[in-house]
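Contents: one structure, followed by commentary.
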Amino acid sequence: MSVDKVRNIVLVGHSGNGKTSLLEAMLYRAGTLSRVGRIEDGTTVGDHDIDEKDHGHSLGLSTAVIDWNGYTVNVLDTPGHADYKGDAIMAMAAADLAVFVIDGVGGVQSQDTVLWRQAEQMKLPRMIFVNKLDRARSSFERTLGEIHSHFGAHADPVEYPIGSESSFHGITDLITDEAFLYDSGKATKAPIPEDMVEKEHEEHEHLVEEVVEFDDEVLGNYLEGNEPTAEELERLLHDALDAGSVFPVLCGSATAPIGADHLLDIICKVGPAPGDLGPEIVEADGDAEAIEYDPAGDVVALVFKTRIDDFLGQISFVKVIAGTIKLNDELTNSRTGETERIRQIVSLNGADHRSVPSVSAGQVAAVTKLDGTATGDTLSGGSQVVTVSAPTLPTPVYSMVVKVTQPSNEDRLASTLRKLVTEDPTLATGFDPTTRQTTLSGAGETHIAVAIARLERAGVDVDSEPTSVEYRETLTRKVEVEGKFKKQSGGHGQFGVATVRFEPSHLGDGFEFASEVTGGAIPKNLIPAVGAGVEEAMGRGGKHGFPVVDLRAVCTDGKYHSVDSSEMSFKMAGSLALRAALESVGTVVLEPVSEMFVDVPNAHQGDVLGDLNSRRGQVLGAIPDGANVSIHAYVPTSEVQRYAIDLRSMTGGTGSFEIDHHAYQPVPGAILDRVLAEASKAT
Ligand SMILES: Nc1nc2c(ncn2[C@@H]2O[C@H](COP(=O)(O)OP(=O)(O)OP(=O)(O)O)[C@@H](O)[C@H]2O)c(=O)[nH]1
Ligand SMILES: [Mg+2]
């Protein structure tokens, strides 16, 4: 199969816009399916996972291969839910064309704009399919207006609907000036309806004017009064689409189905073949290198999705950029440096797996049992190991603690979580050795709820609860105290005295121990035991029971007994010294502070800043980034535990953020009582 005859497309858009239904319609029109499955019945190729059937939404990437008039169209159907943006981003990295499926009733919605911005950053050519035009209250014109205001004036219709709502029954093709009616269920060519002739003509002219400048010769002819032919127009559109200068707008209904076949026609005639956008720029030994889409070259392939299949085990979805992957090939993973052997290659159509002998440049397929390879990795076959730059995925921002209901399931929990994280790198798990708690983090509530449902289906029942905020304490000021441990019990006793000066250090500096003991007041080999005793006692907690941190302890003097003193006795002396210091000067309670970068459309900047303020946030700056702004702030962690949910409702899903632990800071007096009350409730 020549690479010119391959199209790799990704369906993207807000949840519920009809991507999975559109894929179903395409498969039906291509004759792959004899009947159209329905989302409501859980019978579509795209949503084959049991959770997807339960939710009525796609919850992960699915793929299908469509043979269309001598072309191979590889379709990647992505979930529109904001929590699964990682899958959409990785699929966009593998595709050569994004088809934005927009709801002709609801218009342009939040995730449409979020994903558009992502595609723009990735310089991915884009088409738009206005869907659901069979529905009551749908309108192509109104939706087109919204598309123009969100995505700019260069979103140019290449089709117009014939009829509307329940009478929607066909489309006019502005490229060929033909009409297609779907009254019999199949497209039949027909003359353009009389009342549309004038409009069609106007729109055709507009389309020509948008693209004609892409070819000097066609432009010259046009200026002399010669209209470009349909073939010329297709070629010009192709160039304009690749250059990101024009975004062709199509229309139809995924469930009727109307227009899915025509969409496939346009994708094949106008859409980019792999490599049309120029060679792939990869990194090789620290340098940038251009790689052509050549099936005869050394293998370079990007892993854009990993899934664990009940029968096949781990499957890695690859986009082959160069070369041809064959059975028994040995490829190097550029991240790990390890060699991976190709044992099986499968072509993926929903849940059906068909083994194939090879997969070559420009194509997508899946390879089984690459156990050391993760999403985003590059595999290369030549002597030079190269890395394809994979997009950055969202980091987890919402966490829950998960606890097994049966202790015997601990190991199973760990192994099932590992599997979930392998399949979805935007999920993460953590284990806190002090609290012995396992956390599960992701993009939001749905993400975590679905992951927990998957855990339970794997036989691991868990209870989940919000994560607790880790408060700390430190001494209010410098103090010198004596820790004295003396025990006389029959035989030989225990004796150790240590004078320790405690100094609160800079927040975040941790614990430091030093000795200023002179004259052998404590034997040298026993002095470290004082520090160990202090440190152990710090872990046991201060006046309010929170671990004590950020302290410098200096042992200045002491006493020992040649028979009764031991390491143990000086450890106890250190521990008693800390206790005495806590008693004498008291502690301040510290709270964790998170560093955040919040990215929102400019229109929401005021609201988000005001809200961060009310959360005791310290805003460090707001950096404009096109239509968005990135707000940098430090905010107490206790105030942002549900920020993933709150930001989404504040910005209608258009905001996103990154969050990381930054430091500890004293809890202000005004809210200390609340913190202490909550902490005592938690224990
Ligand atoms: N009337 C009508 N309903 C449609 C059309 N396309 C999709 N639907 C319905 O809209 C709902 C959502 O469709 P999906 O195909 O699941 O949408 P999706 O874009 O895949 O959604 P996510 O997977 O959540 O991102 C389903 O109930 C479909 O039956 C259409 O063209 N016309
Ligand atoms: Mg879907």
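For the stretch 1-25, give me the residue count where each residue is within 13 Å of ligand 2 (Cβ to nearest atom) and either in contact with a strand residue (DSSP E or B) (Cβ under 8 Å, 6 or more places away or on another chain) or in a helix (DSSP H, G or I) (or both). Even if it seems obvious, please write down each step before you answer.
Here is the first cut: in the stretch 1-25, the residues within 13 Å of ligand 2 (Cβ to nearest atom) are 10-25.
In the following step, the residues that additionally are either in contact with a strand residue (DSSP E or B) (Cβ under 8 Å, 6 or more places away or on another chain) or in a helix (DSSP H, G or I) (or both) were identified as 10-14, 16-25.
The number of residues fulfilling the criteria is 15.
Sort through 70, 104 and tell me the only one that's touching a residue at least 60 places away in the same chain (Cβ under 8 Å) and surrounded by 24 or more Cβ atoms within 10 Å (Cβ to Cβ). Walk me through it before giving the result.
On the way: 70 fails: surrounded by 24 or more Cβ atoms within 10 Å (Cβ to Cβ).
Step by step, each of 70, 104 is checked, and only 104 is touching a residue at least 60 places away in the same chain (Cβ under 8 Å) and surrounded by 24 or more Cβ atoms within 10 Å (Cβ to Cβ).
Just one of 593, 608 is modelled with pLDDT of 95 or more and either within 25 Å of the chain's Cα centre (by Cα) or closer than 28 Å to residue 83 by Cβ (or both); which is it? After ruling out the rest, the residue left standing is 608. Elements of the type strands (runs of 3 or more DSSP E) sitting completely within the stretch 582-659 and holding at least 2 residues that are assigned by TED's automatic domain parsing to the domain that holds residue 676 and crowded, with 21+ Cβ neighbours inside 10 Å: these cover 587-601, 628-636. Restricting attention to the stretch 128-163 and to residues that are away from ligand 1 (no atom under 16 Å from the Cβ) and aromatic (Phe, Trp, Tyr), the residue that is farthest from residue 233 (Cα to Cα) turns out to be 151.
Note on the stretch 536-581: residues that are of a type in the set (Asp, Glu) and either assigned to a loop (DSSP other than H, G, I, E, B) or in contact with a Leu (Cβ under 8 Å, 6 or more places away or on another chain) (or both) total 3.
So, of the residues in the stretch 1-21 that are under 18 Å from residue 72 (Cβ atoms) and not charged (D, E, K, R), which turns out to be surrounded by the most Cβ atoms within 10 Å (Cβ to Cβ)? Spell out the reasoning first.
Narrowing the stretch 1-21 to residues under 18 Å from residue 72 (Cβ atoms): 1-11.
Filter once more, so that each one left must be not charged (D, E, K, R): 1-3, 6, 8-11.
On the way: 1: 12, 2: 10, 3: 17, 6: 22, 8: 23, 9: 26, 10: 29, 11: 27.
Among them, the one singled out is 10.
Checked against (1) surrounded by fewer than 24 Cβ atoms within 10 Å (Cβ to Cβ); (2) within 16 Å of ligand 1 (Cβ to nearest atom); (3) among the hydrophobic types (A, V, I, L, M, F, W, C), residue 308 passes all but condition (2). Tallying residues that are buried (at least 21 other Cβ atoms within 10 Å of the Cβ) and either in contact with a Gly (Cβ under 7 Å, 6 or more places away or on another chain) or not in a helix (DSSP H, G or I) (or both) within the stretch 417-440 yields 4.
Out of 154, 238, 204, 148, I need the residue that is without any contact (Cβ under 8 Å) to a residue 12 or more places away in the chain and surrounded by 12 or more Cβ atoms within 10 Å (Cβ to Cβ). Which one?
On the way: 154 fails: without any contact (Cβ under 8 Å) to a residue 12 or more places away in the chain; 238 fails: without any contact (Cβ under 8 Å) to a residue 12 or more places away in the chain; 204 fails: without any contact (Cβ under 8 Å) to a residue 12 or more places away in the chain.
Unique residue meeting the criteria: 148.
Going through the stretch 53-71 one residue at a time, which ones are assigned to a loop (DSSP other than H, G, I, E, B) and either of a type in the set (Phe, Trp, Tyr) or within 13 Å of ligand 1 (Cβ to nearest atom) (or both)? Once the filter is applied, which keeps residues that are assigned to a loop (DSSP other than H, G, I, E, B) and either of a type in the set (Phe, Trp, Tyr) or within 13 Å of ligand 1 (Cβ to nearest atom) (or both), the stretch 53-71 yields 56, 57, 58, 59, 60, 61.
Looking at 302, 250 in this structure, which one is among the hydrophobic types (A, V, I, L, M, F, W, C), surrounded by 21 or more Cβ atoms within 10 Å (Cβ to Cβ) and in the same structural domain as residue 128 (by TED's automatic domain parsing)?
Numbers: 302 fails: in the same structural domain as residue 128 (by TED's automatic domain parsing).
Among 302, 250, only 250 is among the hydrophobic types (A, V, I, L, M, F, W, C), surrounded by 21 or more Cβ atoms within 10 Å (Cβ to Cβ) and in the same structural domain as residue 128 (by TED's automatic domain parsing).
Looking across the stretch 72-87, the residues that are hydroxyl-bearing (Ser, Thr, Tyr) and within 9 Å of ligand 1 (Cβ to nearest atom) come down to 78, 84. Within the stretch 27-43, the set of residues being within 13 Å of ligand 2 (Cβ to nearest atom) and either assigned to a helix (DSSP H, G or I) or in contact with a Lys or Arg (Cβ under 7 Å, 6 or more places away or on another chain) (or both) comprises just one member, 42.
Of these, 348, 413, which one is hydrophobic (A, V, I, L, M, F, W, C), at pLDDT below 90 and surrounded by 15 or more Cβ atoms within 10 Å (Cβ to Cβ)?
Values: 413 fails: at pLDDT below 90.
Answer to the selection: 348.
The values are calculated or read from the model by the stated rules, or taken from the named source; none is laboratory data. The shown structure was predicted, so the numbers you read here are calculated from the model rather than taken from an experiment. Cβ sites come from the backbone with ideal geometry, for glycine too, and all protein chains shown count toward neighbours.
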